[in-house]
1. Starting from the Cα-Cα distance between Val54 and Tyr263, subtract it from 0.36 nm times their residue separation and give me the gain in nm to one decimal.
2. From zero up to wherever the largest Cα-Cα distance of the stretch 1-54 sits, split into 10 Å bins and tell me the percent of pairs in each.
3. Modelled label-to-label distance, Lys9 and Arg252, 7 Å Cα→beta-carbon offset: nm?
4. So for the stretch 214-264, considering every pair of alpha-carbon atoms, how many percent are separated by more than 18 Å?
5. Give a quick list of trypsin sites (Lys or Arg not before Pro) in the stretch 78-167 that DSSP marks as loop, anything other than H, G, I, E or B, with at most 10 other Cβ atoms within 10 Å.
6. Highest mean first, how do 174-184, 105-115 rank when packing is the count of other Cβ atoms within 10 Å averaged over residues?
7. Provide His226, His238, His245 in ascending order of the number of other Cβ atoms located within 10 Å of each residue's Cβ, fewest first.
8. Just to be sure I understand the model, the point goes 7 Å from the Cα along the line to the Cβ. What's the resulting Ser239 to Glu171 distance in nm?
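Quick note: the coordinates plus some simple rules give every number you see, no bench work behind them. Predicted model, so just to flag it, every value in this text is computed and none were measured. Because the Cβ atoms are built from the backbone with ideal geometry, glycine has one as well, and the counts that use them run over all protein chains shown.
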Amino acid sequence: MAKMVKIIKKKDEYSMEYEVGDVLKVDSTWYGGVTVLGKTGVPVSIDKDEYEEVQDISEPEKAEPTSIEEGLRPAGQGVSTEAFDHLKEIEDEVRGAVKDLLAVAGLEPGDALVVGCSSSEVANMRIGSFSSEEIGKCIAGAILDELKDTGVYMAAQCCEHLNRAIIVEKEYAKANRIPIVNVVPQLKAGGSFATAAYADMKEPVAIEAIQAQAGIDIGDTLIGMHLAPVAVPVRSEHSMVGSAHVVMARTRAKYIGGARACYR
């Protein structure tokens with residue numbers, strides 16, 4: 001609530017900005033009194049003996065969203081127990097996006113596709129506030145199924161609480177000599193998507209970082225830290241999964257050298 005004062009004495013008899021009995025909002029304080037907003041909104045300094053503090057009887061001011069994401073989505077209650085009747089539609093959207101990416105990314109067996117997914121955003125809730133186990137399972141299962149005959153590994157990004165760690169198959173981590181860390185994702189510490197991926201993989205392990213050759217971000221989860229340079233945006237007609245925004249990327253090798261360099 002705003003700090004308010006009631007005028008009990010008026011030293012400046014010529015001022016039209018306040019009168020005895022007025023209740024005014026405090027704009028700032030200083031060692032000898034306060035500065036209030038006068039009747040016309042003009043700041044006026046008044047001495048300590050001219051006012052007494054009173055309780056603000058007006059309605060409390062509504063807090064502004066502390067971030068863009070809070071302004072865009074309502075907050076859920078942590079973990080969703082809701083049964084969704086459009087899982088087939090979500091699955092189809094995910095499969096379509098993966099197919100579009102694979103068609104242009106030029107991935108080879110042994111490459112990694114990093115995926116970040118907010119089931120909350122898919123369900124039209126604020127990221128991290130409405131983790132849905134069944135949405136996580138639906139999306140993880142669809143992606144793993146699309147990749148099963150390609151030799152490409154899915155790298156599932158955990159949520160911020162686990163520092164966006166990655167869940168991959170153990171054989172991928174070993175083959176690429178990536179240090180394995182010890183954590184098992186849960187719905188509210190890792191997220192529903194990473195939790196589902198951990199359950200569906202043959203021998204899942206956690207690693208802290210990866211340089212993947214392509215990526216899919218479902219719900220603006222920020223996967224850029226896990227993409228190899230140089231990332232190139234991939235556009236698709238499948239730009240949404242449920243209510244979540246979808247961003248995809250492939251990567252390419254850096255061009256180096258000067259005017260005499262040749263490229264392929």
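1. Full extension of this stretch gives 67.8 nm more.
2. 28, 65, 7, 0
3. Placing both labels 7 Å beyond Cα along the Cβ direction yields 7.7 nm.
4. 43 percent
5. Those satisfying the criteria are Lys148.
6. Packing proxy ranking, top to bottom: 105-115, 174-184.
7. The order, fewest Cβ neighbours first, is His245, His238, His226.
8. Label-label distance for Ser239 and Glu171, simple model: 3.9 nm.
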